[in-house]
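K.L.:
Just dropping this structure here.
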Amino acid sequence: MKREKLVRHHAPETEEKMKCRIVTEAELPEVMALWDYCFEKKKDPFFQFYFRDYCLRHNLILGGFSEEDGHLQNMMHLNPYSILLRGQEERVPYIIGVATDPADRGKNLTGPLLQSAFRMLQKKDCCFSLLMPVHAGIYQKYDFAFCYQKHVYEMPLSEITVPVPSGNLRLEHYSKYDSELFEDIYMALADGYNGLPIRNDFHWQKLLKVHQLEKLQAAVAYHGEEPRGYMFYEIDSNKVFHIQEMVSLTPDARWAFLQYAKGHLSSADTLYWEAAEDDLTYLDFADADRTGRIKPFMMARCFDALQALSRYEIPENCPDGQATVLLQDNLLEENNGVVTVTADSGSLYLQKGSGIPDATLSMGTFTQLYFGAYTFSQLVEAGRIRMNTYAPETLAFFDALFPKCVNFINEYF
């Protein structure tokens, strides 16, 4: 496809109409050209892998096509994922590759494309989607909200100070590896984290294929023959030791990986590591200025609140109670409405369109509450939930119904 197709001009007075539908194999060249323009170039190894081995074989691409001349105006890729959300497996499509033809930008075409995607996914019994934003402001107006955070460490490699790991621990380095080394260690995360992606064989093979393309290395910590953790990493051209993912089942394993990283001072100057939100490694650092920072990471969005609530399992020891909320969704009219939520003897009951709301919240805020990113009280304090009448019992009820969780995700496509 010639690049000039991406720089067409339209008369400003023309009223344009866009038709949203699933992209076909015949239209893939247009998708590839737009991806090349906005993201990785065609010669990039990831580009070649993605469009040769993955695209349209394992995912869906939703495109917005001009009704005037049929060209691809914008697109989004819907990659399949399942996560453990509040203890239940939830299919949550991961939106990537959101892009608009440069000649069609500024025409507010993203909203209709999202609207079409959400209504299609509703029919597939999905309630949520994930998205990692380049710029959060683009998606906040469509009620995507941050539900995952990371604890980011960026410091001179020479300044890493952690306790000496046990002498019973040994590390092995792998430049080539398969998923069997990591699967059980990763699944151990399910005991402590919410929103964790389920990596089946297909997802592991996809992940490790990209690692191979990007020349990532691996280190595995063993206690005897028992693995205690793994680390995927690379040393980039800027001499940064970049930890792509570290999972350690014991503090000893984490300390051993950081000592291992420090052992690369001849080839790297800086450590960069996006750890889990609840990571406490900084407690061992001698310099308080190296404690790191919290970085919002992944956004999520509910597009069917009633369906999500209808399959929600009440936490143990949640007291009986009742409250009424007004849910607001500027994109999906059918997602708006008043809902009375009643917890009674361990079961949740919903009554739509009844009662005066105790509180009003947007769909993005509802998503944060459902994911456990923040408690109801925290969201009230942050001004994201408006209480129509301040009632401590309403706050206590929702805090018990939707307890806070520590969320973890480390997927990039």
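Rule-based calculations on the coordinates, nothing more; no lab input. Computed from a predicted model, the values in this text were never measured in an experiment. Cβ placement follows ideal geometry from the backbone for every residue including glycine, while neighbour counts extend to all protein chains displayed.
K.L.:
Which whole-number percent of Cα pairs in region 3-126 have a distance greater than 20 Å?
P.N.:
Value for region 3-126 (Cα pairs over 20 Å): 46 percent.
K.L.:
Among (1) 0.95; (2) 1.28; (3) 1.08, find the value of Cα Rg over 2.2 N^0.38 Å that was calculated from the structure presented, and write down its label.
P.N.:
Among (1) 0.95; (2) 1.28; (3) 1.08, the one derived from this structure is (3).
K.L.:
Another question about this same structure. List the pairs from Lys352/Lys404; Lys124/Lys215; Lys150/Lys352; Lys41/Lys206 whose alpha-carbon separation is above 28 Å, in the order I gave them.
P.N.:
Correct reply: Lys124/Lys215; Lys150/Lys352.
K.L.:
Evaluate the distance, in nm, between pseudo-label points positioned 7 Å from the Cα of Met32 and of Glu381 along their respective Cα→Cβ axes.
P.N.:
5.3 nm
K.L.:
So if each residue of separation counts as 0.36 nm, and I subtract the Cα-Cα distance between Leu265 and Val134, what length gain in nm does that give?
P.N.:
Fully extending the segment from Leu265 to Val134 adds 44.0 nm.
K.L.:
How big is the dipole moment of region 300-401 about its Cα centre under a simple scheme where the beta carbon of each Lys and Arg is +1, that of each Asp and Glu is -1, and everything else is neutral? Debye, nearest 20, please.
P.N.:
240 debye
K.L.:
Rounded to the nearest 0.05, what FRET efficiency is calculated for Thr389 and Arg311 with R0 set to 35 Å and r the Cβ-Cβ distance?
P.N.:
Efficiency, from the Cβ-Cβ distance: 0.75.
K.L.:
Evaluate E = 1/(1 + (r/R0)^6) for Glu154 and Ser345, where r is the Cβ-Cβ distance and R0 equals 45 Å; express this FRET efficiency to the nearest 0.05.
P.N.:
Here the calculated transfer efficiency is 0.35.
K.L.:
Note down the relative contact order for the chain as a percent, whole number, built from C-alpha pairs under 8 angstrom at least six residues apart.
P.N.:
About 16 percent, as a whole number.
K.L.:
If you take the charge dipole of the chain about its Cα centre, with +1 on Lys and Arg Cβ and -1 on Asp and Glu Cβ, which of Ser266, Asn168, Thr250 is farthest toward its positive end?
P.N.:
Highest projection toward the positive end goes to Ser266.
K.L.:
Could you list the residues of region 147-189 with an amide nitrogen less than 16 Å from a label point located 7 Å from the Cα of Ile294 in the Cα-to-C-beta direction?
P.N.:
Hits in region 147-189 for Ile294 at 16 Å: 147-153.
K.L.:
Let me ask something else about it. Which translational diffusion coefficient, to the nearest whole µm²/s, is obtained for region 150-294 from the Stokes-Einstein equation, given a Kirkwood hydrodynamic radius over C-alpha pairs, 20 °C and 1.002 mPa s?
P.N.:
136 µm²/s
K.L.:
Compute the distance in nm between two label points, each set 7 Å from the Cα along the Cα-to-Cβ direction, one at Lys352 and one at Asp287.
P.N.:
Distance between the two pseudo-spin positions: 5.7 nm.
K.L.:
Among the lysines, which fall within straight-line cross-link reach of Lys42, defined as a Cα-Cα distance under 17 Å, with same-chain neighbours fewer than 8 residues apart omitted?
P.N.:
Leaving aside lysines fewer than 8 places away in the same chain, those within reach of Lys42 are Lys2, Lys5.
K.L.:
If R₀ is 35 angstrom, what is the calculated FRET efficiency for the pair Asp178 and Lys43, using the beta carbon separation as r and rounding to 0.05?
P.N.:
In this case the efficiency is close to 0.80.
K.L.:
Can you sort Thr360, Thr340 from fewest to most other Cβ atoms within 10 Å of each residue's own Cβ?
P.N.:
With the sparsest Cβ surroundings first, the list reads Thr360, Thr340.
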